[in-house]
Structures are given as structure tokens and as C-alpha cells.
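The values are calculated or read from the model by the stated rules, or taken from the named source; none is laboratory data. Since this is a predicted model, take the numbers as computed values, not measurements. Quick reminder, even Gly has a Cβ in these numbers, built from the backbone with ideal geometry, and neighbours come from all protein chains shown.
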Amino acid sequence: MQETRIRPTIATRAPVLLIRGLFVATILSGSFLLVLVQPMVARMALPRLGGAPAVWNSAMLVYQALLLGGYAYAHGLGRLSPARQGIVHLALMLAAAGWLPIGLATLAQPPGLSPALWVPWLLAASIGPLFFVVAAQAPLMQRWFALAVPAGDPYALYAASNLGSFGGLIAYPLLVEPGLTVARQSLAWTLGYGALVLFVLGCAMVVRGVAAPADAVRTVEAIAAPVRRGQWLRWIALAAVPSGLMLSTTTHLTTDIVAMPLIWVLPLGLYLLSFSIAFSDHVRLTAGIRRSFPVALVIGAATAFATTPFHPLLSAAVSLLLLLIVATALHGEMYATRPAAAHLTLFYLAMSIGGVVGGLFCALIAPVAFDWAYEHPLLILAAALLLPQRPLSPRFARWLGSPRQGARVRRWLALGLLLLALAAGGLLIGDVPLAGRVAILCALAAAAFVAAGRRWLFAGAVAAILLAGGGWLTLLQSATPGMRVRSYYGIYTIANQPGGTRILVHGTTTHGVQRTTPGHERDATSYYAPLSGVGQAMAAVPALYGPHARIGVVGLGAGTLACYARPGQRWRFYEIDPAVVRIARDPRLFTFLSRCAPDVPIEIGDARLALSRGSEPVADLLVIDAFSSDAVPLHLLTREALAVYATKLSPRGLLMIHISNRFFDLEPVLAAAARDAGMEAALRAYEPDADARKAGAATSLWVALSRDRMTIAHLIAPDADGWRPLRAERGFTGWTDDYASVLAVLKRF
């Protein structure tokens, strides 16, 4: 075979350090913009899509699919000469600039189309071309660097790429969102894109003289060791598990542990950080993390089904640490088996396919196939099967690997794991002291540590721990029809409690409580008790608006408020999730609607959009109670949202907004909104006494607003001491669709 020579170019004459700096700057800036645009577009979409965790998972699926497209494009582009690669890529970047400035496409959701399909389509139409071309930056620039500096290691630049991504992720909630309006965010991103085009132009100038025609590139690839299909598929699997685990950890944290603000940033940030660690020269750090892999999996398996953790923040820390260790270990395995630079883009193509596979599993398949977040423990089990392990102790290695007794030890160990897992099922379902359960978990953990180094045996130990750590109970509840429902917007659990009550829980938040003792089924409970703010508003309705008052409620829950309905009144509920409507209407689960307002109309869809249609008032009393777990419905609390509500109220109408929240102090938000809208406002912080709590009442914060001063005066007159003016904070900027930051209202703990 004749050797293909590449003539000297500017890349070979210029200082290598300068060239490396140019490529690092290009990759860093491209990755920074790539990640920055993700929360930016999600923020733009809030008024139309809301902020449920599933919306973020759908967005992540779109980003991963576009990333796959960008990596495939970079792989295909490598068949051209470097000069033509530069021309084609720059031309595509200029064509994608037609989607600038960044904004949400003006498309309407077709009737009947599932949000799981609509959200990806809307986001792809809004930023697809821009994201696609920027996504190609990392593998393409690494390939160009390999051509410009043959002695350099292009894979090390991927660590820089993920540092840039991590920087973009942290910059948005801490700097960009608090400091810039959405319009200015879009402008800043546009300027950053222009700078990126100039960086790419500089890199293209460096490699333009590398006269490597297509047949030369193919010759180089032929010389390199070929990539076998099995290895390529293994790369996909190694990438799919961390990608899926990142999304499942987000869902697990926000629905089962603690719906803390901005917590979605942490799993994605650790996922990106794992690349930077695994693809760097810090071999010892990666090796140390890999050695801790079996221990992390055992701890993660023991807590994967913990829906009522003893300490939420500690449980969240365990979940995040598990993600970092698993992602770093699996990505480290990918890096250890990476191919020669000639197959670099093929390697990254496999990585991106794995990312999409993990995203598809968590964002589309799991919500349809499972009624609980089973994808999280399944991915933990998959991680145990994927990574080759070393025994934790030389003694364990001798026990399992000796020619004579190794097979016998493995058989007895497998049998012991099975028996312990079955025993755990019986103990957890029955009324057994906690000590017995802990003892079984400890025995299983010890067996898992012994089994480390034997992949299938260790995976069996992890499966046994998953079952013993709550898996049996969760599976048992799933086997009870109707007691758990999963939809695009979350996981809803119905549970009977001691004392004759039934509760509806969404994530970590109670969304309805019904007393099941005879004679008390109609009692208003939870946040809607008679002495709560909304309870007093309902009592004032007949005197304020007469016997034919119109009442609208945004957020159905279990339907508790329906039992305030009186003959002659006209009620309407607004609920975004059809699953909640099915739960509330099912008399086998809750009877508020069937007993109190069986024919009440329920409009399914985003309430703000529904209320925006038409210009006539539709309510004398409008109740806003649309929290999803502890997440803030930001788009329902902006100045524009309040203007929509005001147009739907009668001239003397009353607006009641529920702002109870463990993590956010929303009082300044409503104070600023009321001030801007010229509305009178008052707040009732209700703290029930012991008797009221026994009757099902809960602590609540309700804000009353009206354009009519006398309406507020009439509401608070019977209990003037229980109401107070809203507290406004000096310098606080009210939320709008163009600007809002949750950091300003985050509670200090």
C-alpha cells in the first residue's frame, strides 16, 4: 500500500500550544452554548408547557436526539477533505442562523395529541437546526485537531467540552436567569453564536491546508484497528445507562425524595462532570471511583425504593453520589476501550446513540409501561451487569475463583441470596420489627460484597437488595388496581391511612385527603378546611355574589373543593392532567365529586390557555391551586397571568391563590403582581389546632386579590385577626413572562 503523505500546513508550522488553545476555546464555547440553550428554551416554554419534571425529560430527549444527529453528521463529514469539511460546516452554521434569535415556535398543539409527542416536536421546531449544528462541534473539532496536531490526543478535548457544558448549566440559574430577561438571554446567545462561528472559521483555516482527500482518510481508517460490532454495541450500552440514570435520578428526586428548587440541575451537572473525569488524564481518580462502584451500587439499591426517606436531603445526596460514581465508572470503561483517532467520530456516534436510547427509555417508554419509577432500579441493575469488577478482597477472590471450591461457593451464595430476598418479601409485607428488615438488608449487602468480581452473581445480589429494600412493597401496591397511576405529569399514589382517611399523593406532596368514616365523607380537609383562606372565601360567596355565583377552580386534585358547591351555583374545574380527572371521578377512590358535584364540567388542558380564550368574565370566584408536587407553576404567577385572571373575573370578583410551599416564599411575588395590577390583596396563614388536624385540616397559605376594596373587606371582616396585608420586599421585581427568577424567593433554611 502506497503511503499517503500530507503536505506541511499552517498547523504544522504554528505553535502547537496556540493551535490547542484555539480548539479548546472553540469546543468550550460550543458546549457552553449548547447546554445554556436547554434551560433557556425550557424557560421560554413555561407559559405554554408548565414545569412538570416530564417536560424536562421530554426536552432532554429532544436534545439527545439532536445530539445524535449532530454526531452522525460529524461522522459523515469526516469522509470529505478538511477544506471541504470547513466549507460545508460553516455554510450549515450560517444557514442555521436563520433560526436566530432563539425563540419558541408559534405552533398550536393539535387536539388530542399527547404532550409526550407534542413537546418534543415543538422544541425541535424551535431550536432544532441551531442545536444540531452546535452539537457537532465537539467530535468535529476533535477530528480537526487530530489532523492539525497528529501527536496530540483529541479525546482529552472531550473533557474540555464537558467542562464547557457544566459551566453553561451552572451559569443559567445563577447568572443568566436572575440577571437577564428572556429577550436579552436570546440576544446574548445570538452574540455567543456569532463568536462561535468566528472560532470555527479559525479552526477551519488551520486545517484547510491538510490535503487529505477522501481516499487518504479511508486509508488512515483502514490502517487503524477496525471497530467490531460487539464493541460498538457495548459502547452504546455503556452510554445508555448513565444517560437514563441521569433522567431517572431527576424523576426519583423530584417525585419520591424531595422536590427541591433547581434540583434538576444537579443530576445533569454530575452527568456532565463524569465525562470530564473519565475522559481526562486523572487515571487514579477514575480508578478510585471504579473501585467504589460495587459499594455505591449496594447503597443505591438499598435506597432505590425509599419513597418515604428518613432524611430527604441525605437520601438525595446518596442518589446523586450513586449517579456520579456509576456514570464515571461506565464512561471510564468507554474511555479505556476507545478506538484510534481515525474512528473517533464513530465512537462518539455510538455514545450519542446510547444517550438517545437511555432518554427514550426514561422519557417515553417508562411513563407508558410502568405505574411507578421502575426505570431507576432497573438502570441500577443494568449498571451492575455492564461493568467488569474486581473483587473487593483477595480472600473473596480466592473463595469464588479457586478451581475446587469456587463453583460450590457461587452456588451456595446464589441460593442464599434467593432465600434472603424471598424472606425479605414476607417480612416487609407482614408486621415485622424494623430490626428484622435491617438484618436481612445487611446480610444481603455482605453477600454482594463477597460476590463483587463475578458480574452475574453480583447483579443477582443487587436485585435481591432492590427487592428487600422496598421493591416487594412497591410491586404489591402496583398489583392493586387503581391505587397508583402514572401519567406524563407525574406519579399519583392513593393510600389508606390509620384513622379513617384516604390520601392522594403526587410526588412528595399531598393533593387531597378524604375522611372515610360514615358521615364525614363530604368534609373539606387538607388545605381546603373551612377555616382556611379558601374555606372562608367559599363561605362568603353567597353574600357577595348571590345564589347563582360562578366559581372556577384551577387544579382538581381529589376534588375536595366541590363539596363547597351549593344549589344554583355554576362551577367549572380546570385540570391539565387527564389522569387526575379519572382519579377524582372514580367513586371507588374519592367521592367528593360523585357526592357533591357529579355533573360539574372539567376542562382538560393548561388553565391559563383555557382562560385566555374569549373576553367575557367566567367567574365571580376564581381559585388557583395548580402546584405540581412542590414545583412552582411560575407561568401561573406572572403579571401576564394575573391580567388573564382579572379579565375572567366579574368587576367585584375574588381571586384566591394557594401559595403553600416548603421551599419558596411566594408572598413577595403576589405582592408585586397585585401592586402592578392595582388589586387589593390580603393573606391568610392558617395553622389548625389539634382538633382541626384530627379532622384532616392542614397548614395553608392563601392570598385573596380583588379589584374591589369592599370585596376584600367583606371577606376578612368575620376573622380580621386571621388576615394581614401582603408583605412586599423593597427592590423585588415582579415576575413576568419575560423575566422571573426563583432564586430571589428561595427560603433560607
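One residue stands out in segment 645-663 among those that are farther than 19 Å from residue 541 by Cβ and either surrounded by fewer than 20 Cβ atoms within 10 Å (Cβ to Cβ) or polar (S, T, N, Q) (or both): the one that is farthest from the chain's Cα centre (by Cα), namely 647. Tallying residues that are out of contact with any helix residue (DSSP H, G or I) (no Cβ under 7 Å at 6 or more places or on another chain) and surrounded by 21 or more Cβ atoms within 10 Å (Cβ to Cβ) within segment 680-696 yields 1.
A residue that is touching a residue at least 24 places away in the same chain (Cβ under 8 Å), closer than 20 Å to residue 68 by Cβ, part of a helix (DSSP H, G or I) and aliphatic (A, V, I, L, M) occurs somewhere in segment 139-154. Checking each residue in segment 569-618 for being part of a loop (DSSP other than H, G, I, E, B), within 24 Å of the chain's Cα centre (by Cα) and crowded, with 18+ Cβ neighbours inside 10 Å picks out 576, 577, 606. One residue is enough: does segment 703-724 have a residue meeting the conditions without any contact (Cβ under 8 Å) to a residue 40 or more places away in the chain and under 30 Å from residue 180 (Cβ atoms)? No, because not a single residue in segment 703-724 is without any contact (Cβ under 8 Å) to a residue 40 or more places away in the chain and under 30 Å from residue 180 (Cβ atoms). Which of the residues spanning segment 547-564 are in contact with a strand residue (DSSP E or B) (Cβ under 9 Å, 6 or more places away or on another chain) and surrounded by fewer than 19 Cβ atoms within 10 Å (Cβ to Cβ)? Selection gives 548 alone.
So that you can scan it fast, the table gives a plain yes or no per residue for (1) within 25 Å of residue 608 (Cβ to Cβ); (2) among the basic types (Lys, Arg); (3) at pLDDT below 85:
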| residue | (1), (2), (3) |
| --- | --- |
| 44 | yes, no, yes |
| 49 | yes, no, yes |
| 53 | yes, no, yes |
| 57 | yes, no, yes |
| 73 | no, no, no |
| 78 | no, no, yes |
| 93 | no, no, no |
| 103 | yes, no, yes |
| 109 | yes, no, yes |
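Any residue in segment 310-325 that is farther than 19 Å from residue 234 by Cα and over 24 Å from the mean Cα position of the chain (by Cα)? No, segment 310-325 contains no residue that is farther than 19 Å from residue 234 by Cα and over 24 Å from the mean Cα position of the chain (by Cα). Given the structure, is residue 634 over 20 Å from residue 528 (Cα atoms) and at pLDDT below 75? So residue 634 fits the description; yes.
Of the residues screened, residue 728 is one that is among the aliphatic types (A, V, I, L, M), outside any helix (DSSP H, G or I) and touching an Asp or Glu at 6+ places or on another chain (Cβ under 9 Å).
Could you tell me whether segment 428-435 includes any residue that is modelled with pLDDT under 70, buried (at least 19 other Cβ atoms within 10 Å of the Cβ) and outside the structural domain of residue 291 (by TED's automatic domain parsing)? So far as segment 428-435 goes, yes, one or more of its residues are modelled with pLDDT under 70, buried (at least 19 other Cβ atoms within 10 Å of the Cβ) and outside the structural domain of residue 291 (by TED's automatic domain parsing). Only one of the numbered conditions (1) at pLDDT 75 or above; (2) in contact with a Phe, Trp or Tyr (Cβ under 9 Å, 6 or more places away or on another chain) is violated by residue 478, and that is (1). Which residues, taken from segment 637-662, are hydroxyl-bearing (Ser, Thr, Tyr) and either touching a residue at least 40 places away in the same chain (Cβ under 8 Å) or not assigned by TED's automatic domain parsing to the domain that holds residue 625 (or both)? Hits for segment 637-662 are 638, 650, 660.
Against the conditions (1) assigned to a loop (DSSP other than H, G, I, E, B); (2) at pLDDT below 90; (3) not aliphatic (A, V, I, L, M), residue 512 satisfies every one except (1). The residues in segment 600-631 that are among the polar types (S, T, N, Q) and either at pLDDT 75 or above or not assigned by TED's automatic domain parsing to the domain that holds residue 737 (or both) can be counted, and the count is 1. In segment 162-191, the residue that is surrounded by the fewest Cβ atoms within 10 Å (Cβ to Cβ) out of those that are among the aromatic types (Phe, Trp, Tyr) and under 23 Å from residue 126 (Cβ atoms) is 189. Does residue 116 qualify as being of a type outside the set (Val, Ile, Thr), in contact with a Gly (Cβ under 8 Å, 6 or more places away or on another chain) and either modelled with pLDDT under 85 or farther than 20 Å from residue 40 by Cα (or both)? Spelling it out, it is not the case that residue 116 is of a type outside the set (Val, Ile, Thr), in contact with a Gly (Cβ under 8 Å, 6 or more places away or on another chain) and either modelled with pLDDT under 85 or farther than 20 Å from residue 40 by Cα (or both).
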